[in-house]
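Engineer: Got a structure for you, written out below as structure tokens; questions coming shortly.
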Number of protein chains: 2
Amino acid sequence: MKKHNFSAGPCVLPQEVLKKASEAVINFNGLDLSLIEISHRSKDFIDVMENARSLAIELLGLEGKGYKALFLQGGASLEFLMVPYNLLEKKAAYLNTGTWSSKAIKEAKVLGEVVEVASSKDANFNYIPKGYSIPADADYFHCTSNNTIFGTQIKDFPETNVPLVCDMSSDIFSRQLDFSKFGLIYAGAQKNMGPAGTTLVVIKEDILGKVSRSIPSMLDYKVHLDKDSMFNTPAVFAVYVSMLTLQWLKDLGGIAAIEKINEEKASLVYNEIDRNPLFKGFAATEDRSSMNVTFNLTDEAHKEAFDALWKGAGINGLNGHRSVGGYRASMYNALSVESAKVLVETMQELEKKVG
Amino acid sequence: MKKHNFSAGPCVLPQEVLKKASEAVINFNGLDLSLIEISHRSKDFIDVMENARSLAIELLGLEGKGYKALFLQGGASLEFLMVPYNLLEKKAAYLNTGTWSSKAIKEAKVLGEVVEVASSKDANFNYIPKGYSIPADADYFHCTSNNTIFGTQIKDFPETNVPLVCDMSSDIFSRQLDFSKFGLIYAGAQKNMGPAGTTLVVIKEDILGKVSRSIPSMLDYKVHLDKDSMFNTPAVFAVYVSMLTLQWLKDLGGIAAIEKINEEKASLVYNEIDRNPLFKGFAATEDRSSMNVTFNLTDEAHKEAFDALWKGAGINGLNGHRSVGGYRASMYNALSVESAKVLVETMQELEKKVG
């Protein structure tokens with residue numbers, strides 16, 4: 001049965017990418033060896049790493065602008081620590097828009113002073129704070145572009161003279177932004193890029209080298225940059241699948257092309273939430289995420305019926321996070337418009353059944 | 001053409017493991033979803049993680065002895081840092097047997113005093129130092145059980161009252177040891193366990209909680225233990241393949257069974273090195289590794305002929321590391337006795353040809 005995978009992450013990946021990845025596990029590049037049993041120092045794998053790095057820079061429109069890409073390990077969670085280790089000398093400014101921001105703030109506090117410029121905790125993070133000011137003497141400003149759990153997304157990033165650091169784990173490569181506004185962008189692969197196990201870090205090199213602490217090798221961006229992202233054995237399979245997904249995106253027409261598809265999916269589902277009296281959205285309308293749509297039933301009595309409908313339609317991963325409850329439709333790049341339509345149909349079927 | 005994969009790591013894995021891994025990338029557990037596109041919080045993946053953790057403890061004979069297993073990210077290189085972060089209060093003792101020990105020492109020095117109890121650097125690490133003493137007031141003693149680059153292996157571990165910490169990246173699960181002598185064992189997966197991207201850490205829980213520094217979450221073993229190795233999204237694919245390989249080893253008869261096979265392979269190749277006048281071993285005889293056999297031609301003039309012979313026989317990954325030169329035959333668990341025989345035959349063919 002065809003599945004419609006709305007999982008929040010790890011999540012849906014393009015079928016052609018999965019097919020190539022599966023083949024490479026048996027025989028990679030016609031070597032009669034598996035991708036995962038060759039040396040990471042072999043030419044075949046170095047090509048994969050270099051290709052993945054340059055595709056990331058190209059797709060973000062950052063060629064020739066002083067940026068380099070790394071594929072590290074440890075997920076965004078390790079970046080929560082690496083960012084302050086490399087950038088926090090005296091004081092850092094953080095915007096708190098949910099669980100992931102809060103975790104980033106917690107780790108930064110181990111290393112220095114953190115100013116929380118604003119928070120939407122007062123309303124269970126259902127909106128993005130606006131109108132806050134960033135201290136001019138902050139070493140950097142950190143924000144989370146998209147909040148998977150609460151379904152909110154920053155639409156306008158602040159203008160500031162301090163380096164802008166952004167956790168884009170759940171919406172990188174999904175929409176057009178001026179990425180050159182950012183000093184550092186990081187993203188766990190397991191949403192729009194590949195399997196869990198690697199983290200893309202895009203760094204404007206000139207923001208480094210300004211802290212006085214000694215940085216352990218594995219936490220030092222400069223060490224990884226100097227070694228072309230091969231300081232130690234990388235997560236070979238995860239990097240390879242990320243490369244395939246970035247190539248798939250490029251072939252599709254890049255971020256501009258996928259943004260249109262993502263907008264179409266988001267419109268379909270949000271329009272239905274707003275139209276159908278059985279449903280209500282969780283996030284503030286102007287801050288709604290195009291990646292993670294959070295919504296509830298207006299009457300919990302229909303839960304059993306709705307759950308039966310979407311499960312029966314082959315939908316996977318629609319349950320909301322325990323912090324919000326209800327439902328969450330995660331619609332990352334590889335989710336088809338068809339899957340979004342199937343979800344809308346089940347919502348309409350519920351209305352016919354109980355309305 | 002059938003390949004004989006002597007790569008030093010990432011390296012040969014069992015064919016049946018590769019086949020199952022390849023299938024799971026398309027359809028995992030009959031879910032009609034890929035292993036790499038389901039939630040790591042799903043029951044299907046939690047079962048994988050728990051199975052991998054308990055197989056590791058079982059195979060090492062550590063059940064009921066106060067140990068727990070973690071599958072983390074960052075390779076042994078991140079463990080070089082995590083070990084002192086969690087265990088080094090005042091002073092740690094390290095044995096220096098090569099490149100990896102040296103790197104571990106370098107990272108520990110960022111956090112405290114390091115006593116190098118002995119080193120074999122004087123002879124390009126071609127032997128394992130013996131007869132050293134470990135300070136009784138050290139917080140722990142750290143060693144590297146097997147040195148991939150130099151082809152040496154610790155046969156007898158020291159008796160000491162301080163916690164024994166060992167980097168077993170390249171020989172874990174290859175030979176029988178009393179693993180309950182160790183307080184902490186870590187190993188990058190990419191030799192005897194699985195693909196690059198996950199690190200097995202086996203911890204005797206009572207050695208933790210004795211340092212006064214505040215430990216960042218991702219570097220804190222206790223945080224990972226409390227979350228059953230799922231503090232953040234784990235490297236799903238690498239953990240799954242590790243689980244398959246550990247199951248393969250259990251089905252084969254465990255470490256006792258593979259040890260016999262590893263001894264047979266090592267004997268075949270070392271006997272030929274000692275017999276054949278065209279070759280000489282690099283490592284001191286009593287410290288020879290059963291995993292990585294380092295050797296040279298006695299006359300470099302035969303290099304071209306030998307290289308053509310082994311490449312023609314389908315052998316992969318035989319070139320030595322630049323620090324040693326010559327050749328290195330890495331014979332991890334999944335390398336067949338047949339492959340070792342093929343290598344010996346090429347060495348004998350060279351003798352016939354030029355002898």
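Engineer: How many Cβ atoms of partner chains, on average, are near each residue of A:231-244 if near means within 10 Å of its Cβ?
Structural biologist: 5
Engineer: Can you give the convex hull volume per residue for the Cα atoms of chain A, as a whole number of Å³?
Structural biologist: Enclosed volume per residue, from the Cα hull, is 132 Å³.
Engineer: Taking a ≥ b ≥ c as the square roots of the eigenvalues of the Cα gyration tensor of the stretch B:14-61, is the shape rounded (a/c under 1.5), prolate (a/b larger than b/c) or oblate?
Structural biologist: Oblate, because a/c is 1.5 or more while a/b does not exceed b/c.
Engineer: Report, for B:Ser214, each distance to the same residue's label point in the other copies, shortest first and in nm; define the point 7 Å along Cα→Cβ.
Structural biologist: List, nearest first: 2.2 nm.
Engineer: Follow-up question, since we're still on this one. Would you mind listing how long the stretch B:217-262 runs along its three principal axes, going by Cα atoms, in whole Å with the largest first?
Structural biologist: 41, 20, 14
Engineer: Then there is this: Please identify the GluC sites (Glu not before Pro) of the stretch A:1-64 that satisfy two criteria: DSSP loop assignment and at most 13 other Cβ atoms within 10 Å. Which are they?
Structural biologist: Loop-located and lightly packed - A:Glu63.
Engineer: Average partner chain C-beta neighbours within 10 Å, per residue of A:214-220?
Structural biologist: 6
Engineer: For chain A, give the magnitude of the charge dipole about the Cα centre (Cβ charges: +1 Lys/Arg, -1 Asp/Glu; no others), in debye to the nearest 20.
Structural biologist: Rounded to the nearest 20 debye, it is 400 debye.
Engineer: Let me ask something else about it. Name the residue from A:Asn292, A:Leu87, A:Ile258 whose Cα lies farthest towards the positive end of the charge dipole of the protein assembly as shown, charges +1 on Cβ of Lys and Arg and -1 on Cβ of Asp and Glu.
Structural biologist: Checking the options against the dipole of the protein assembly as shown, the answer is A:Leu87.
Engineer: Kirkwood-based Rg over Rh for the stretch B:254-354 (C-alpha set), two decimals?
Structural biologist: That ratio equals 0.95.
Engineer: Distances from A:Lys106 to the same residue in each other copy, label points 7 Å out along Cα→Cβ, in nm, shortest first?
Structural biologist: Once sorted, the set of distances for A:Lys106 reads 3.2 nm.
Engineer: Another one. Gap in Å between the Cα centre of the stretch B:193-221 and the Cα centre of the stretch A:36-70?
Structural biologist: Rounded to whole Å, the Cα centres lie 30 Å apart.
Engineer: Put a label point 7 Å from Cα along the Cβ direction on A:Asn29, then list its distances to the equivalent points in the other copies in nm, shortest first.
Structural biologist: 3.4
Engineer: A further question follows. Using the basic label-point model (7 angstrom from Cα toward the beta carbon), what is the A:Asp47 to B:Ala308 distance in nanometres?
Structural biologist: If labels sit at A:Asp47 and B:Ala308, their model points lie 2.6 nm apart.
Engineer: Could you tell me how far the Cα centroid of the stretch A:263-293 sits from the Cα centroid of the stretch A:102-172, in Å?
Structural biologist: For the stretch A:102-172 versus the stretch A:263-293, the Cα centre distance is 23 Å.
Engineer: Sticking with this structure for a sec: Let me check I've understood the local charge: for B:Tyr332, count other residues with C-beta under 9 angstrom from its C-beta, Lys and Arg +1, Asp and Glu -1. What total comes out?
Structural biologist: 0
Engineer: Rank the residues A:His302, B:His224 as a footprinting-exposure proxy: fewest other Cβ atoms within 10 Å of their Cβ go first.
Structural biologist: A:His302, B:His224
Engineer: How large is ³J(HN,Hα) for each residue in the stretch A:241-250, as worked out from phi by the Karplus curve 6.51 cos²θ - 1.76 cosθ + 1.60 (θ = phi - 60°), to whole Hz, x for Gly and Pro?
Structural biologist: Each residue's phi maps through the Karplus curve to give 5, 4, 4, 4, 5, 5, 5, 4, 5, 4 Hz.
Engineer: A further question on this structure: If we count every other residue with Cβ under 15 angstrom of B:Glu264's Cβ, Lys/Arg +1 and Asp/Glu -1, where does the sum land?
Structural biologist: +1
Engineer: Starting from the coordinates of the alpha-carbon atoms of the protein assembly as shown, obtain the Kirkwood hydrodynamic radius over all distinct pairs and give the value in Å to one decimal.
Structural biologist: After inverting the pairwise mean of 1/r, the radius is 26.7 Å.
Read the figures in this text as sums done on the coordinates, not as results from a lab. Every value quoted in this text rests on a predicted model; they were computed, and no experiment measured them. Methodologically, a virtual Cβ is constructed for each residue, glycine included, from the backbone with ideal geometry; neighbour enumeration extends over all protein chains shown.
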